[in-house]
Ligand code: FES
């Protein structure tokens, strides 16, 4: 789908967690073509008169109703401004941008792993996967019970497993520690969250093939090599990651969002935000 600039009308806005908001917009042009992992660039105002665009993962998109939702944290004046937009007002949105997650047609069991606001990056994939008849387990990590994404905002079909740093809900520890229980079940895994979490998952995924004996679906790792950044490279990868990165232009021009890939610099806004874990040079990631 081609990128469009649309006037998205706010239809609902609510705080779902401390400092975290879920907003729904009527934007049929975006809702009908967006795929999980993609994002929009929203023009926000603020009280100083400065106008900037900010990237937001597309949290859900419903082609039938024309509604997309954005889940974000208030981190500065632009996002504060967003929380004060009234229902009926329109925001200028550019999208959908970036490359989406790619699910192998043969994958039946999808493991989604999210840390904190990283839920926004994988949330839509749960809808897509369930629509396509797949089983989905979501592993979610947060600092404490007060920051756990509400299960009521996930589809009923999802198995939802929580880890908290302080043990106040679910597993006491990091969400990455839950991976071992699911790596044999999962055909593919899709993650979004802080870089240390993604780095740990990438290391676990790299060791999985040896632990499992053979690649579970029998063809990963063999055959021709797919070009870095290609949909095929992502589709064949056990682990795909959606990188959270500060962005400037969001259209590939400013180089403000680069991460180091194994073949050189990658623009998160253009070559990503979704990458096969093997495409990233993790030792360069803090
Ligand atoms: S944000 Fe400008 S190149 Fe990615």
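Every number in this text was worked out from the coordinates using simple rules, so none of it is lab data. Please read all numbers here as calculations on a predicted model, not as lab measurements. Because the Cβ atoms are built from the backbone with ideal geometry, glycine has one as well, and the counts that use them run over all protein chains shown.
If I stretch the segment between residue 177 and residue 11 completely, what's the gain in nm (0.36 nm per residue apart, minus their alpha carbon distance), one decimal?
55.9 nm
Give, in whole angstrom and from largest to smallest, the semi-axes √(5λ) of the equivalent ellipsoid of the chain, with λ running over the eigenvalues of the Cα gyration tensor. Write out the running numbers ahead of the final one.
Working: eigenvalues 173, 92, 66 Å².
Three semi-axes, in Å: 29, 21, 18.
Over all distinct Cα pairs, what is the inverse of the mean 1/r for region 4-97, reported as the Kirkwood hydrodynamic radius in Å?
Here the Kirkwood hydrodynamic radius works out to 13.0 Å.
How many nm is it between the label spots at residue 203 and residue 131, if each spot is 7 Å from the Cα in line with the beta carbon?
3.7 nm
Can you compute the FRET efficiency between residue 92 and residue 246 using 1/(1 + (r/R0)^6), with r the Cβ-Cβ distance and R0 = 30 Å? Round to the nearest 0.05.
Efficiency, rounded to the nearest 0.05: 0.90.
Between helix 195-212 and the chain, what is the angle of the helix's C-alpha long axis to the longest principal axis, kept within 0 to 90° and rounded to the nearest 10?
30 degrees
Given the Cα atoms of region 151-286, and with Rh set as the inverse mean 1/r over their pairs in the Kirkwood sense, what is Rg to Rh to two decimals?
0.99
Who wins for biggest fluctuation among 68, 58, 16 in a Gaussian network model of the chain, springs between alpha carbons below 10 Å?
Maximum fluctuation in the GNM of the chain, among the listed residues, is at 16.
Can you tell me which of 201-207, 127-133, 33-39, 139-145 comes out highest on packing, and rank the rest after it, using the mean Cβ neighbours within 10 Å?
33-39, 139-145, 201-207, 127-133
Starting from 0.36 nm per residue, how many nanometres of slack lie between residue 210 and residue 4 once their C-alpha separation is accounted for?
My answer for the length gained is 69.7 nm.
Before anything else, pin down the relative contact order of the chain: Cα pairs under 8 Å, at least 6 apart, normalised by residue count, whole percent.
Once divided by the residue count of the chain, the mean separation gives 17 percent.
Go ahead and estimate [θ] at 222 nm for the chain from helices alone: -39,500 (n - 2.57) per DSSP H run with n ≥ 4, summed, over the residue count, rounded to 500.
On the way: 6 runs with 51 residues, N = 286.
Taking each H run of at least 4 residues, the total per residue is -5000 deg cm²/dmol.
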